[in-house]
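The values are calculated or read from the model by the stated rules, or taken from the named source; none is laboratory data. For clarity, every value in this text was computed on a predicted model and none was experimentally measured. Counting neighbours? That spans all protein chains shown, and the Cβs are built from the backbone with ideal geometry, glycine included.
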Amino acid sequence: MTSILPPFPRFVMCIFEPIATAAGFTLPFLATELFAAEQIPGSPVEAISDNTRMLALQLGNIYLLLAMVAVAVLYSTTEPKVVRNYVIALWLADIGHIATTGYVMGYDKFIDLANYNPTTWGNVGLTAFLCATRTAYLLGLFGPDRKPLPADKKGQ
């Protein structure tokens, strides 16, 4: 693995997050109606329109894309600027994801953690954890980036 991230953000962003997003890809394809209903806790599972099915399946596809992009960027670059800009983009997307989820759920459901379902915990809880990890990384709280190995030292 060529990631220059310090150990904890390296584990979170290079291992945990790609696995989690790849796993998030499966539910829309295995149980589309359930996936659509679980976006807002307490929603009944019911037949969905072709438009909703398309959105759910495309979202699942984006989760898989996110997993592949994370692996492609973080396992291949040794450029701190590339890693930092990638993490900033994800950080902004995390904020947008949580804000959008909260907006659509409404304030009362958003703060009602006791009634969150697994999908809501992923949309809010997991995304908040990832955002906090990225924030700490961007603030330098995990220490400096690791120095990449010189080309002649790799694989020894």
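Of note:
- The residue that is farthest from A72 (Cα to Cα), among those in segment 82-109 that are aromatic (F, W, Y) and surrounded by 14 or more Cβ atoms within 10 Å (Cβ to Cβ), is W91.
- Qualifying residue in segment 131-144 (condition: surrounded by fewer than 12 Cβ atoms within 10 Å (Cβ to Cβ), free of Cβ contacts under 8 Å to residues at least 24 places away in the same chain, under 30 Å from P6 (Cβ atoms) and not aliphatic (A, V, I, L, M)): yes
- So M1, is it modelled with pLDDT of 95 or more and of a type in the set (A, V, I, L, M, F, W, C): no
- When T120, T135, T101 are checked against the criterion of being hydroxyl-bearing (S, T, Y) and over 23 Å from I88 (Cα atoms), a single residue qualifies: T120.
- Number of residues in segment 2-60 that are part of a loop (DSSP other than H, G, I, E, B), touching a residue at least 60 places away in the same chain (Cβ under 8 Å) and not charged (D, E, K, R) equals 9.
- Candidates are the residues of segment 72-81 that are under 17 Å from the mean Cα position of the chain (by Cα) and closer than 11 Å to S3 by Cβ; the one that is surrounded by the fewest Cβ atoms within 10 Å (Cβ to Cβ) is Y75.
- Any chance G106 is over 14 Å from the mean Cα position of the chain (by Cα) and within 16 Å of Q39 (Cβ to Cβ): yes
- Search result, residues across segment 68-122 that are in a helix (DSSP H, G or I), in contact with a Pro (Cβ under 6 Å, 6 or more places away or on another chain) and closer than 17 Å to P9 by Cβ: A70, V71
- Qualifying positions in segment 124-152 - small (G, A, S), at pLDDT 95 or above and not in a loop (DSSP other than H, G, I, E, B): G125, A128, A132, A136
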